[in-house]
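The values are calculated or read from the model by the stated rules, or taken from the named source; none is laboratory data. Computed from a predicted model, the values in this text were never measured in an experiment. Because the Cβ atoms are built from the backbone with ideal geometry, glycine has one as well, and the counts that use them run over all protein chains shown. The accessibility values were calculated without ligands, DNA or RNA, using every heavy atom of the protein model including side chains. Shrake-Rupley method; radii C 1.70, N 1.55, O 1.52, S 1.80 Å.
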Amino acid sequence: MSNITVCARFRPLSSKEERIDDSSVCIRRIDTETFVFKDEKEEDFTFSFDRVFYEKSEQADVYEFLALPIVRDAVNAINGTIITYGQTGAGKTYSMEGPGILVCDETKKGLLPRVVVGLFDTLNRSDGEDIKYSIKLSMVEIYMEKVRDLFNLSNDNIQIKESKTQGIILPGVAEKTVQNPAEALQSLSRGIANRAVGETQMNMASSRSHCVYIFTILQEYTKHKRSKSGKVILVDLAGSEKVEKTGAEGRVLEEAKSINKSLSSLGNVINALTCGLPGKANHIPYRDSKLTRILQDALGGNSRTALLCCCSPSSLNASETLSTLRFGARAKHVKTFPRFDCNEEKCAKDSCASLPLVDESCSRIL
Ligand code: ADP
Ligand code: MG
């Protein structure tokens with residue numbers, strides 16, 4: 001992986017969170033990269049990311065910082081991946097789509113519609129006499145380790161293959177060639193509507209599956225008979241919340257295991273790409289889950305990755321938020337450390353300055 005950008009985003013308090021008396025906001029802003037998080041035991045942790053988007057951040061800010069560099073590089077045949085991670089209700093889909101994929105309010109549009117416009121803009125600018133481009137779009141959903149085509153719901157067990165020339169491919173998946181942003185948005189909205197139909201058929205919640213949007217950009221030099229292609233993949237992950245092992249049974253438990261496995265393997269692949277897994281220098285465990293296998297050539301090799309860790313700012317969700325922030329911190333090699341207020345007893349034992357940093361960057365997520 002040549003580059004990973006890790007950001008955290010805190011959505012505004014929900015009305016429910018606001019109503020509950022003993023809830024409070026569990027983060028304190030330091031600056032655009034750093035904040036202090038208070039966990040359930042009132043212990044403070046300082047986290048730093050490439051950028052932190054607080055409650056009042058705009059969708060456009062998130063796009064410009066996180067996605068625009070990926071869009072610009074995609075036309076240079078550098079693959080890119082944009083991932084939203086976090087517990088259900090933390091703002092993944094809002095960040096990805098906005099309140100709706102075809103919403104008219106420009107300011108609320110999410111990453112997907114902005115990526116679409118950005119790709120066409122960048123390509124139109126570089127489109128010359130001897131270079132022609134096309135964009136193809138596929139949408140799949142991964143549920144319980146099965147890949148389903150969101151443009152063709154009956155195609156519900158797509159195999160993932162690797163081709164020497166094209167990299168990772170999904171044989172048989174529908175690919176819509178889109179000529180302009182409006183066509184792309186229409187296709188995306190159809191895929192999203194199909195996803196809802198599939199969920200009703202299967203009695204499943206969208207928060208329990210990963211939604212993967214794949215843009216393939218092909219540029220052909222008409223005079224020289226050469227071509228180059230790049231992929232931009234956006235992933236709205238399944239909710240990362242822990243399911244109580246004791247209460248859950250049957251399908252709920254199976255779903256939870258499957259989500260846990262794929263999110264763990266995503267963490268492991270990112271860690272292996274950034275620092276290697278202990279004792280396994282060159283092994284990148286892409287094959288451990290369908291999710292990482294689909295993302296193989298968009299995460300590894302010549303690629304850019306952006307991870308948006310979506311969080312609730314409420315103390316009611318502190319435990320899930322801490323686990324989301326830790327996932328992001330590991331991905332970035334960020335060191336997290338408990339911060340004690342200068343309290344005589346603790347300072348006497350191990351002074352604030354000499355507190356050991358806990359480097360979690362290379363630890364496996366199990
Ligand atoms: P997730 O996809 O992580 O389950 P959603 O994106 O559906 O969560 O967000 C949950 C709720 O919070 C939705 O009602 C959404 O509109 C709202 N929300 C999330 N992020 C924001 C934000 N940045 N600004 C305003 N509302 C938000
Ligand atoms: Mg969602």
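If only residues of segment 21-42 that are in contact with a Lys or Arg (Cβ under 8 Å, 6 or more places away or on another chain) and either part of a loop (DSSP other than H, G, I, E, B) or farther than 19 Å from LYS332 by Cβ (or both) are counted, the one that is least open to solvent (accessible area, probe 1.4 Å) is CYS26.
In segment 194-208, the residues that are on the phi < 0 side of the Ramachandran plot and among the aliphatic types (A, V, I, L, M) reach residues that are more than 16 Å from ligand 1 (Cβ to nearest atom) and open to solvent by 30 Å² or more (accessible area, probe 1.4 Å) with C-beta atoms within less than 8 angstrom, at least six apart or across chains, in these pairs: VAL197/LEU153. Within segment 146-162, work out how many residues are of a type in the set (Asp, Glu) and either without any contact (Cβ under 8 Å) to a residue 60 or more places away in the chain or surrounded by 15 or more Cβ atoms within 10 Å (Cβ to Cβ) (or both). Selection size over segment 146-162: 2. Residues satisfying the criterion are absent from segment 208-217 (criterion: over 11 Å from ARG148 (Cβ atoms), more than 20 Å from the chain's Cα centre (by Cα) and open to solvent by 20 Å² or more (accessible area, probe 1.4 Å)). Every listed requirement among (1) more than 23 Å from GLY301 (Cα to Cα); (2) touching a His at 6+ places or on another chain (Cβ under 8 Å) is met by VAL235 save one, (1). Which residues, taken from segment 308-321, are open to solvent by 20 Å² or more (accessible area, probe 1.4 Å) and more than 17 Å from the chain's Cα centre (by Cα)? Within segment 308-321, SER315, LEU316, ASN317, SER319 meet the criteria. Applying the condition of being among the charged types (D, E, K, R) and within 25 Å of VAL115 (Cβ to Cβ) to segment 163-179 and asking which residue is surrounded by the fewest Cβ atoms within 10 Å (Cβ to Cβ) yields GLU175. Applying the condition of being open to solvent by 20 Å² or more (accessible area, probe 1.4 Å) and of a type in the set (Ser, Thr, Tyr) to segment 64-115 and asking which residue is farthest from ALA193 (Cα to Cα) yields THR107. Taking every residue in segment 78-107 that is under 21 Å from LEU291 (Cα atoms) and of a type in the set (Lys, Arg) and pairing it with any residue that is open to solvent by 10 Å² or more (accessible area, probe 1.4 Å) and more than 9 Å from ligand 2 (Cβ to nearest atom), at least 6 positions away or on another chain, the pairs with Cβ-Cβ distances below 9 Å are LYS92/TYR85.
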